[in-house]
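Here's the structure, in structure tokens; my notes come after.
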Amino acid sequence: MRTDFTLGSCQEWPSGIFIGFVCVAALLASGCRKPVAPRSDVAIEYGINPQPVLVGRAVLAVNLRDAAGAPVAGARVNLEADMSHPGMAPVFGKTREVAPGQYQGSLAFAMPGDWVVLIHVTLPDGRTLEREINVPGVAAN
Amino acid sequence: MLVPGLRRLFHWRHLRTVLQIPLLIVSVAMILDGLLGPSLAPKNLATTLSWVHFRGALVLVLLCAGNFFCLACPFMLVRNMARRFFHPRWNWPQRLRNKWLSVGLFALILFCYEEFSLWSSPWWTAWLIVGYFLAILMVDGLFKHASFCKFVCPIGQFNFVASTISPLEVKVRDLDVCDECGTKDCIRGRRAPGPDLVVVQRGCELALFQPLKVGNMDCTFCLDCVHACPHDNIGILSRLPASELMVDPRRSGIGRFSQRTDLAALAIVFSFGALLNAFGMVSPVYALESWLAGILHVNSKAPVLGVLFGLILVLEPAVLLGLAAWLTQTSGGSRRALVPLAVRYTYGLVPLGFGMWLAHYSFHFLTGLYTVVPVAQSAAARLSWTVFGSPRWTWLGIPMRFVQPLEIGFLVLGLAGSLLIIHQLAEGDCAERPLRAFAPWAAVAVVLWVAAMWMMLQPMDMRGTFLAG
């Protein structure tokens, strides 16, 4: 008696060859990495107050400098904060330019835990930049 | 099923494949986004779909229907496609024909979830999915039948235990028809006429002989038995949820629950693991971890987690269940030995455990319900598919104030279900003094319920960093 789930004629590959193929494919896949973004000529520096960061409103100061160290004025800088766990409410904040190249805004951290702040920058020439900042262990106020 | 239309649907041979294909496409998308997409978990398909949507939809479908996620399992689609080209040669080893391996893997997944903060890592989540595909291809590539489903798959074991609560079951309509059946296609498969006896429709690969099958344990809802039965005598039928936990017949492919220490261990990891998994997301756990780290003089997470897992999955059940079993034996007058008694009553905790999983996973699912939209929009935009518009990152889900009463409701229902099951078990076990047998186990259930309620009311504090703050 033959047990065969195929009704047509198919080649029977030895199990070992198939499993070997699967292992090789997995090994090759382990080299997958997301493409690395090219380095920008604009440096994004930041500071968050208070330290340590607590639940509630925190002030973020963002400085933009070009390759020569000169402040980059006239950019649009928006803030976003996400928790490390998916499905949790993000918070958003805008900034205003308090001095050439210096932008200040605030974010309201809604709960304790690990957060990631995203600084979205749109330069005067239209280019966009983004910087991720880990803000671990935001504590209850 | 007697619902018009649905009966034809579930008898359609290709229903399973049609359900599996979109989930396979989604799985591939999750793997690719996890490996190549944003590293921020809320913006990645792998983490968002796995830890918010899949888990939540899974428990809600198990509550409202049955083990339909196993029916639509994309891993099995790949495995079935691979089996068109090669045939496994060996039977699953006799010594491993139990749940101990899968219990260990289930606990390991819970451990890795905390150790590697899987919820926050698209990379590791993608590799978990890849690992699952590789594991099923390797196991079912070497061993016959559905060895991976029955003896290995941690998600499957979770589904099996949870589906004991489900309102639907694959079962025989009329046992008299089975008595007249001479071919037993439901388990042997249906064969084409001819000398070769080629199987054209396989029977149950999990060794569940339909006339003797009781309940949903080990049933993947694959519907092979439905398609194989020549008398159209098997269907998806409704039943009283959790009723199978109250009885202890000899079940086809399983035996008696009361004699399966491994199944009881699975029920323990299921029930106590629910508390452990939620405990990792509330503030007090970090103070406890810091304290443990100080006592152990360690800086890394693994030893502290190991101690916590040992306490909650091993020591705590041993103490609580052992004490309850001893009290049932001494004051209730049960004639069972201590360990078989503990094994028998352990299944009574499954409804409460399921209530905890429901409360936890449905919370993330419902409060983050719409987040799949902006994450999918963002993934599409990275492929230059702008037809879906720019991501609506403000789309979230149902507000927390509406979800929290639901969570509490799930916990209350879980406790009620457990108390009902335990009462039935006590009446059957100690007919003369059922309340004395019931009381210790009811107390265990109440203690666990109080712990679950306390946890639900704690402020959430989700951290992947160790000893931070």
Does B:Gly253 satisfy the condition of being away from every other protein chain (no Cβ under 14 Å), over 30 Å from B:Ile109 (Cα atoms) and either modelled with pLDDT under 95 or surrounded by fewer than 18 Cβ atoms within 10 Å (Cβ to Cβ) (or both)? no
All but one of (1) more than 9 Å from chain A (Cβ to nearest Cβ); (2) small (Gly, Ala, Ser); (3) over 25 Å from the mean Cα position of the chain (by Cα) hold for B:Ser39; state the number of the condition that does not hold. (1)
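I'd like the full set of residues that are within 14 Å of chain A (Cβ to nearest Cβ) and either surrounded by 21 or more Cβ atoms within 10 Å (Cβ to Cβ) or under 24 Å from the mean Cα position of the chain (by Cα) (or both), limited to the range B:11-26.
Initially, the range B:11-26 is screened for residues within 14 Å of chain A (Cβ to nearest Cβ), giving B:13, B:16-17.
Across the range B:11-26, the qualifying residues are B:Arg16, B:Thr17.
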Please report, ordered by residue number, the helices (runs of 4 or more DSSP H) entirely within the range B:138-246 with at least 3 residues that are out of contact with any Leu (no Cβ under 9 Å at 6 or more places or on another chain) and away from chain A (no Cβ under 14 Å). B:175-180
Within the range B:368-383, track down each residue that is under 30 Å from the mean Cα position of the chain (by Cα) and not in a helix (DSSP H, G or I). B:Gly368
Report, by residue number, each residue of the range B:296-324 that is more than 26 Å from B:Phe111 (Cβ to Cβ) and without any contact (Cβ under 8 Å) to a residue 60 or more places away in the chain. none
Among (1) surrounded by fewer than 21 Cβ atoms within 10 Å (Cβ to Cβ); (2) in contact (Cβ under 8 Å) with a residue 24 or more places away in the chain; (3) more than 22 Å from A:Gly87 (Cβ to Cβ), which single condition is B:Gly66 missing? (1)
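Condition first: among the hydroxyl-bearing types (Ser, Thr, Tyr), over 30 Å from B:Ser163 (Cα atoms) and touching a residue at least 60 places away in the same chain (Cβ under 8 Å). Now tell me which residues in the range B:358-399 satisfy that.
Within the range B:358-399, the subset among the hydroxyl-bearing types (Ser, Thr, Tyr) is B:361-362, B:367, B:370-371, B:378, B:384, B:386, B:390, B:394.
Right, trim to over 30 Å from B:Ser163 (Cα atoms) and you get B:378, B:384, B:386, B:390, B:394.
The one that is among the hydroxyl-bearing types (Ser, Thr, Tyr), over 30 Å from B:Ser163 (Cα atoms) and touching a residue at least 60 places away in the same chain (Cβ under 8 Å): B:Ser378.
Conditions tested, residue by residue: (1) more than 19 Å from B:Ala274 (Cα to Cα); (2) of a type in the set (A, V, I, L, M, F, W, C).
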{"residue": "B:Trp326", "(1), (2)": "yes, yes"}
{"residue": "B:Thr330", "(1), (2)": "yes, no"}
{"residue": "B:Val339", "(1), (2)": "yes, yes"}
{"residue": "B:Arg344", "(1), (2)": "yes, no"}
{"residue": "B:Pro351", "(1), (2)": "no, no"}
{"residue": "B:Ala359", "(1), (2)": "no, yes"}
{"residue": "B:Gly368", "(1), (2)": "yes, no"}
{"residue": "B:Thr371", "(1), (2)": "yes, no"}
For the range B:296-303, indicate whether the set of residues that are modelled with pLDDT under 95, within 14 Å of chain A (Cβ to nearest Cβ), surrounded by fewer than 21 Cβ atoms within 10 Å (Cβ to Cβ) and on the phi < 0 side of the Ramachandran plot is non-empty. yes
Where in the range B:251-335 are there helices (runs of 4 or more DSSP H), lying fully within it, with 3 or more residues that are of a type outside the set (D, E, K, R) and under 30 Å from B:Glu205 (Cα atoms)? B:261-279
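Residues B:His364, B:His360: which one is under 17 Å from B:Leu448 (Cβ atoms), under 26 Å from the mean Cα position of the chain (by Cα), within 13 Å of another protein chain (Cβ to nearest Cβ) and not in a loop (DSSP other than H, G, I, E, B)? Steps first, please.
Working: B:His364 fails: under 17 Å from B:Leu448 (Cβ atoms).
So the residue among B:His364, B:His360 that is under 17 Å from B:Leu448 (Cβ atoms), under 26 Å from the mean Cα position of the chain (by Cα), within 13 Å of another protein chain (Cβ to nearest Cβ) and not in a loop (DSSP other than H, G, I, E, B) is B:His360.
Each row is one residue, and each column tells you yes or no for (1) in the same structural domain as B:Ser290 (by TED's automatic domain parsing); (2) of a type outside the set (Val, Ile, Thr); (3) surrounded by fewer than 19 Cβ atoms within 10 Å (Cβ to Cβ).
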| site | (1), (2), (3) |
| --- | --- |
| B:Ala359 | yes, yes, no |
| B:Leu383 | yes, yes, yes |
| B:Phe388 | yes, yes, yes |
| B:Leu415 | yes, yes, no |
| B:Ile422 | yes, no, no |
| B:Arg436 | yes, yes, yes |
| B:Leu448 | yes, yes, no |
| B:Pro459 | yes, yes, yes |
Out of the residues in the range B:70-97 meeting the condition of being away from chain A (no Cβ under 14 Å) and surrounded by fewer than 13 Cβ atoms within 10 Å (Cβ to Cβ), tell me which one is nearest to B:Val18 (Cα to Cα). B:Pro93
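Let's see how each residue does on (1) touching a residue at least 12 places away in the same chain (Cβ under 8 Å); (2) closer than 17 Å to B:Ala41 by Cα; (3) surrounded by fewer than 17 Cβ atoms within 10 Å (Cβ to Cβ); (4) in contact with a helix residue (DSSP H, G or I) (Cβ under 8 Å, 6 or more places away or on another chain):
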| position | (1), (2), (3), (4) |
| --- | --- |
| A:Val53 | yes, no, no, no |
| A:Arg57 | yes, no, yes, no |
| A:Ala61 | yes, no, yes, no |
| A:Gly69 | no, no, yes, no |
| A:Arg76 | yes, no, yes, no |
| A:Leu79 | yes, no, no, no |
| A:Pro100 | yes, no, yes, no |
| A:Gln104 | yes, no, yes, no |
B:Arg401 vs (1) surrounded by fewer than 18 Cβ atoms within 10 Å (Cβ to Cβ); (2) farther than 23 Å from B:Val59 by Cβ: all pass except (2)
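The values are calculated or read from the model by the stated rules, or taken from the named source; none is laboratory data. Quick caveat, the model's predicted, so the values are computed rather than measured. With ideal geometry, Cβ positions are generated from the backbone for all residues, glycine too; neighbour counts draw on all protein chains shown.
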